[in-house]
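A.B. asks: Supplied in structure tokens, the structure appears directly below.
Taken together, the values in this text are just the output of simple stated rules run on the coordinates, not laboratory data. No experiment lies behind these values; they were computed from the predicted model shown. Note: ideal-geometry Cβ built from the backbone for every residue, glycine included; neighbour counts use all protein chains shown.
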Amino acid sequence: VSQSRYVMAKIRIKLVKSPIDKHKRQKLTLTALGFRKVNQVVEHEATPQIHGMLRVVQHLVQVENA
């Protein structure tokens, strides 16, 4: 199996608002993204799946290119 020569763009995501009193789907999405605390920063590859997850919680996070 050959490895891909292309590297996906990285994005940094920061949780800026608490998920308390939010819908269960939003809480589960934040957990799937790797968040545990407010102001935590995680880094992911910019895939369509990650962009879809960010759309669900866009009001709780801040996104920047890494």
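A.B. asks: Across the chain, how many lysine pairs, 8 or more apart or on two chains, come within less than 15 Å at their alpha-carbon atoms? Intermediate values should be presented prior to the final figure.
C.D. replies: Details: K14/K27; K14/K37; K17/K27; K17/K37; K22/K37; K27/K37.
Lysine pair count for the chain: 6.
A.B. asks: Which of T47, I11, L60 sits farthest toward the positive end of the charge dipole of region 8-66, with +1 on the Cβ of Lys and Arg and -1 on the Cβ of Asp and Glu?
C.D. replies: Going by the charge dipole, the pick is L60.
A.B. asks: Then there's this: Three principal axis extents, largest first, for the C-alpha atoms of the chain, in Å?
C.D. replies: 45, 20, 18
A.B. asks: Which far-off residues, 5 or more places away or on another chain, put their amide H under 5 Å from the one on V61, with H placed in the peptide plane?
C.D. replies: V16
A.B. asks: Only Cα pairs under 8 Å and at least 6 apart count here; give the relative contact order of the chain as a rounded whole percent.
C.D. replies: 51
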